[in-house]
1. Out of the residues in region 374-411 that are in a loop (DSSP other than H, G, I, E, B) and over 49 Å from the mean Cα position of the chain (by Cα), which is surrounded by the fewest Cβ atoms within 10 Å (Cβ to Cβ)?
2. Of the residues in region 214-235, how many are surrounded by fewer than 21 Cβ atoms within 10 Å (Cβ to Cβ), in a helix (DSSP H, G or I) and more than 13 Å from the ligand (Cβ to nearest atom)?
3. Suppose we filter region 198-207 for residues that are more than 12 Å from the ligand (Cβ to nearest atom) and assigned to a helix (DSSP H, G or I); how many remain?
4. Mind checking whether some residue in region 52-61 is within 13 Å of the ligand (Cβ to nearest atom), exposed (fewer than 15 other Cβ atoms within 10 Å of the Cβ), at negative phi and in a loop (DSSP other than H, G, I, E, B)?
5. Being in contact with a helix residue (DSSP H, G or I) (Cβ under 8 Å, 6 or more places away or on another chain) and surrounded by 14 or more Cβ atoms within 10 Å (Cβ to Cβ) is the filter here, so list the residues in region 101-124 that pass it.
6. Of all residues being assigned to a strand (DSSP E or B) and surrounded by fewer than 24 Cβ atoms within 10 Å (Cβ to Cβ) in region 1-43, which is farthest from the ligand (Cβ to nearest atom)? Just the residue, please.
7. Against the definition (touching a helix residue (DSSP H, G or I) at 6+ places or on another chain (Cβ under 7 Å) and within 16 Å of the ligand (Cβ to nearest atom)), how does residue 47 come out, yes or no?
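Bear in mind that the values in this text are calculations on the coordinates, not laboratory data. Here the structure is a predicted model, which means the values were calculated and not measured. Cβ atoms come from the backbone with ideal geometry, glycine included; neighbour counts cover every protein chain shown.
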Ligand code: GLU
């Protein structure tokens, strides 16, 4: 058995804090987390903040909050790369001493000229190795006024191969690969270098990440090898495409986990939906977190891009809303109502708000839709003139007045309200929909709702009476 097969499973997610937690990163985090949990391993959160100009604390906070919301708990971290600079410097010094890295004093202008000349000769642009030491090679005199970069001395020949957990065997010739800059002129090491030192130090056994990184992997493997560090296994997950078949991007709609939280999606629905984007377990569409962990063994990851399907996500969310505990739902809806300036009490599981959620949740795909419905209980309604004209007709008006009178004296319970409605229908010789539509339009602001007695019972009596005041 090879060393790699006997290693403890340790996975990681390594977001750059330059924005919110992107859905693609969340999905990779989910795969990494589920893989570690499936194998009884460990999951590490690393914050790749070496792009100092674009990294922000606000973004770190958002990423942590989104991970927490999704329930992706980590065993180590957050580990910040900027707090590991001493370690990177020590490794760079080792590499310079070992000759696996070297300083390069090329200025940006020189590099531009180099590329220009290569283009003019019809060559693919590449670093020409002018500062790369070699046997018998005389290097130029380092200019005093230029801050050098450090480059990795990539093997000039042969090729790099790995068995990608998602894409299968990948081989890239070293001739395709430049001597990569691993320390910038400002002394800050670059992504491809830090990631290797980190994955090595953190004993990462499996790297799942987006396939935009496939081209980085040969460099990373070469750096691992130069350091004598054990290689992790790599799995590059294809991108997520938007509804329109283009790469999921901000311009095409919400791409952050936080936006979906705000839009009224439940974390368990999001987790379930994201897991199915590019992974399958038979034809299971709805599964719990525990089932995901039980099933996620790194197999059945799709080689082709997954397509975002807003309608399917809404369907999955509707399923979890139906299943949700009404007290928990009430707290989420209270938060949604709060955003609209409506204070609603959600504390007790048997609160009125929880009962409202129970009554309406079957027809809602998000807690935002639920809040849309429940708004009528907390704020005035403005029925549309055409609904009033259609349903609150002269034929129905006297019955509405009778119902108002009956409700003024009735016991305030669903059964008593139902009895009052029945009585009024009999007295006025009307059919249920005629009266119910009119009452709904006046009290609820719309003609369709769940069963009228159940809907009315959840209003304070005074509100119903006042909305039925002058039909
Ligand atoms: N910081 C990189 C990113 O956000 C991580 C890449 C990796 O997982 O190696 O894309």
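1. 394
2. 3
3. 2
4. The answer is yes, given that some residue of region 52-61 is within 13 Å of the ligand (Cβ to nearest atom), exposed (fewer than 15 other Cβ atoms within 10 Å of the Cβ), at negative phi and in a loop (DSSP other than H, G, I, E, B).
5. Result: 101, 102, 103, 106.
6. By that ranking, first place goes to 42.
7. yes
Listed here are the residues, each with its yes/no results for (1) within 23 Å of residue 312 (Cβ to Cβ); (2) in contact with a helix residue (DSSP H, G or I) (Cβ under 9 Å, 6 or more places away or on another chain).
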site	(1), (2)
332	yes, yes
335	no, yes
339	no, yes
345	no, yes
363	yes, yes
369	yes, yes
373	yes, yes
385	no, no
